[in-house]
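Structure, as structure tokens:
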Amino acid sequence: MKKMIMSLLLFLGVLSASAQAEQKGTTEYVFQPHWYLMLQGGGQYTLGEGSFSDLFSPNAQVALGYNFTKVIGLRLAVNAWQSKGVIKLDDTDMTPAQSYEGKWKWNYVAPSLDLMFNLSNIVCKNFNPQRLLNVYAFVGGGANIAWKNDEANTVEAQIANYQNTNPNLMYDGKQNMRYLWDGTKVNIFGQAGLLFDFRVSDKVSINIEGNANILTDKYNSKKAGNADWYFNALAGVKINLGKTYTTKFIPAPEPEIRYVEKVVEKIVEVPAKVEVKPIEKIRRDIFFKINSYKVSETEAEKIKDIADYMNQNPNAKVEVTGYADAGTGNNRINDRLAAQRADVVVKALMNQYNISADRISYDSKGSRVQPFAENDLNRVTICIAE
């Protein structure tokens, strides 16, 4: 009894597998709106008259974002830590020359609201969650809240003292440090930048970001007659907080069945019944490397299998269809690549194995049709002979 049950289960499993194997169609990715969390750290360069090292300081950023569509999202980011300033005064007309250099730093926190655009989905014109790199452009703005500007006030006092000991040095410290502030200072700023997001899994990616920020002339305490700027370079991790996509299977359309009515008016002779054994069709999938239509030695054996079948069955014909994967390139590149993959197989059948052109039909689907659910398997030419 136990053996009978096991045999029945095995039989049902074989039937299910056969039904799945016969199912044909393509798998489509469907975008799902979702939240994400981003943690980043890096450095800031505050534009000024000092050297790069004098004006470079650390900073960090945390962000919570939401992707509404495959192209547009919104991000609330909080960037914070430290900015720096430098002032120099020189009088080379004096003998000896007189000079002074003052440096200071202060702390800040800058919340911003950024509108995000997925450039990869725009350029490639398709949504592919398996893509290795997504490039985003963003623009936004917020409030820079700064405090602890004690060092700038100390520098201004040093300038005044320096002038007292060097009366010939013509420099108006209060004029150049005219925007000196104490306590807490709030400045409205605008920003724009690029973010490069490298996929690790459906949930996690690592990123590199660069952004430029513009504020009023009063940010760094100095009067310069133009806007103040600082630039951030950040790297970090993004964690998706929900499903980013679902999959939808689109079955291939059923072939149209055409019925042909035959009328036999007179049967003169009934020939002896001859049992005709049906010829089974053969399929071979020739796989290619990324961005290539060169047939490897192992895949060339599959073309030979098709040619042997055609020679053994003189009435057989073969259908050759080229494909490209949707995970790389764009439609223009993938259309060309798929056509080249089909063409190289057709030429091999004709030139190497002398298969007549009227026995071969060919087509290419680019990356618009994906015969396999796994992205890399779609770099393929499928040959079906019957």
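The values are calculated or read from the model by the stated rules, or taken from the named source; none is laboratory data. Model, not experiment: these values are computed from the prediction. With ideal geometry, Cβ positions are generated from the backbone for all residues, glycine too; neighbour counts draw on all protein chains shown. Please note that ligands, DNA and RNA were not included when accessible areas were found on the heavy atoms of the full protein model with its side chains. Shrake-Rupley method; radii C 1.70, N 1.55, O 1.52, S 1.80 Å.
Find, among the trypsin sites (Lys or Arg not before Pro) in the stretch 95-143, those assigned to loop by DSSP (not H, G, I, E, B) with at most 15 other beta-carbon atoms within 10 angstrom.
On the way: sites: Lys103, Lys105, Lys125, Arg131; in loops: Lys125, Arg131.
Passing both the DSSP loop test and the Cβ count: Lys125.
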Among the stretch 111-139, those whose backbone N falls under 15 Å of a label point 7 Å along Cα→Cβ from Leu74 are 112-117, 139
Could you state how much accessible area Leu64 has, in square angstrom rounded to the nearest 10, with a 1.4 Å probe and all protein chains kept in place?
80 Å²
Structure shown: which of Lys185/Lys238; Lys88/Lys185; Lys243/Lys365 lie over 27 Å apart, alpha-carbon to alpha-carbon?
Lys185/Lys238; Lys243/Lys365
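Could you check how much of the accessible area of the stretch 205-255 is carbon and sulfur, as a whole percent, using a 1.4 Å probe? Spell out each step's value before the answer.
Numbers: 1750 of 2610 Å².
Within the stretch 205-255, the accessible surface is 67 percent carbon and sulfur.
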Using alpha carbon centers only, the stretch 215-250 is separated from the stretch 290-331 by a whole-angstrom value of 47 Å
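Sort Leu89, Leu37, Leu47 by heavy-atom solvent-accessible area, probe 1.4 angstrom, most to least.
Details: Leu89 10, Leu37 60, Leu47 85 Å².
The most accessible residue leads, giving Leu47, Leu37, Leu89.
Please give the contour-minus-distance gain from Glu101 to Ala143: 0.36 nm per residue of separation, less the Cα-Cα distance, rounded to one decimal in nm. Please list the in-between numbers first.
Working: separation 42, 0.36 × 42 = 15.12 nm, distance 2.99 nm.
Value of the extension gain: 12.1 nm.
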For the pair Lys243 and Phe231, how long in nm is the line joining their label points, each one 7 Å along Cα→Cβ?
4.3 nm
